[in-house]
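What follows is a set of notes on a single structure, which appears directly below.
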Amino acid sequence: MTPIATRDELVAWFEAGIKPKSEFRLGTEHEKFAFTIEERQPVPYEGRRSIRALLEGMQHLLGWVHQTSAELMAHRAQVKEIARPLGIGFLGIGMTPSWTRSDMPVMPKGRYRIMTTYMPKVGKLGLDMMYRTCTVQTNLDFCSEQDMVRKLRVSLALQPIATALFANSPFTEGKPNGFLSFRSEIWRDTDNARAGMLPWAFEDGMGFERWVDYALDVPMYFVKRGETYIDVAGSSFRDFFEGKNPALPGERPTLSDWANHLSTIFPEVRLKRYLEMRGADGAPWGRLPALPAFWVGLLYDDPSLDGAWDMVKSWNACERQSLRDEVPRLGFKARIGDRYLFEIAKECLALSHAGLRRRGHIDHSGRDETRHLEPLDRIIDCGHTPAEEMLAKFHGPWRGSVEPAYDEYAF
């Protein structure tokens, strides 16, 4: 909690994330909608059958699970053990298919109150992002500043590939919404001061210092002191750094404040002490390991990373932005230059397969990590995004109802 004295300390915070390749790891974060099994309604925070009861059950009886692959299976078993007696299920999808904004319960947490008040001031869809969307993210390491920049650029350019492969949010309040990934579309009108494709990351001079300069000017949400969240929404971290925040006059931030602020920046790829891939919709259980496998194959293998960079290095900022803007609605039919996104996705998946094969990490059954890409292979083989499959079911066997999603996409 020592106040930050120099800008170099902010840069050093990122540099502390550098690690040798031998220590590279990967992390998976996945969100899911909790619903009451009988009524298929959102689960309230308080009460006998509630989010609080679920979290307390996990905390006291089972412990937390944060890693991927095998631990995802353990996490699933643990969550079901606690949730089923409470009558709670989980839905692996990018946006709630039926609930309205007013249906959504609010966790009584200070940062959510501040964000809920601020979001409508900076975009039309921020509250939908907060309360009605879910994502799956992968976090990956870097071994140098140069390695970070190369991985950041490749993953920013190719984030629309992940959006299309995991597009899974075609319904709003029980009806098709006109998009394949409405979750991704929501981010285009949430808060553009802290989201987007970061065109400056492709300019000369990109590095940790450039990210610091960007983050200093991103509007803040809050400052946390003890268990209290102080509303400073709209003010810059730069002013806080200079002791000029009106809510905390003369006070300078700590590294804890810096880390909290960085967690409120939401571009398509986010830099912390690792890189977060943020382009994918929430997914059903069997597809969750596919996202880390996809990015590990592309970014943790040098030949595949080189091949991915060769693929995207000629794209300019306008082309990258146009692709990102089109993919929520068009999915694989979006284009960049004279190429459909589907062709690029197929090439990326081939690069990822090759990267995972070269890594040669074998499981207990003698299979390498390419087995986790099989759900994406099936998507490419059929040529349709998951959302298009859901829409076909909606217009076919689901008979115009989204209710079957609570069965087919439940954990």
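Values as computed for the structure displayed
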read-out	value
Residue list for region 38-58, restricted to those being among the aliphatic types (A, V, I, L, M) and surrounded by 16 or more Cβ atoms within 10 Å (Cβ to Cβ)	43, 51, 53, 54, 58
Unique match (being over 25 Å from residue 274 (Cβ atoms) and out of contact with any Ser or Thr (no Cβ under 7 Å at 6 or more places or on another chain)) among 22, 102	102
Residue ID - nearest to residue 41 (Cα to Cα), chosen from residues in region 132-156 that are crowded, with 21+ Cβ neighbours inside 10 Å and hydroxyl-bearing (Ser, Thr, Tyr)	133
Residue ranges of helices (runs of 4 or more DSSP H) in region 259-336 with at least 3 members in contact with a strand residue (DSSP E or B) (Cβ under 9 Å, 6 or more places away or on another chain) and open to solvent by 10 Å² or more (accessible area, probe 1.4 Å)	317-330
Residue within region 358-367 that is of a type in the set (Asp, Glu) and touching a helix residue (DSSP H, G or I) at 6+ places or on another chain (Cβ under 9 Å) present	yes
Helices (runs of 4 or more DSSP H) (entirely within region 177-253) containing at least 3 residues that are out of contact with any helix residue (DSSP H, G or I) (no Cβ under 9 Å at 6 or more places or on another chain) and open to solvent by less than 30 Å² (accessible area, probe 1.4 Å)	none
Residue 12 crowded, with 18+ Cβ neighbours inside 10 Å and of a type in the set (A, V, I, L, M)	no
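The values are calculated or read from the model by the stated rules, or taken from the named source; none is laboratory data. From a predicted model like this one, the values you see are computed outputs, not experimental measurements. As a convention, Cβ positions derive from the backbone with ideal geometry for all residues, glycine included, and neighbour counts pool all protein chains shown. To get the accessible areas, we keep the full protein, side chains included, count just its heavy atoms, and leave off ligands, DNA and RNA. Shrake-Rupley method; radii C 1.70, N 1.55, O 1.52, S 1.80 Å.
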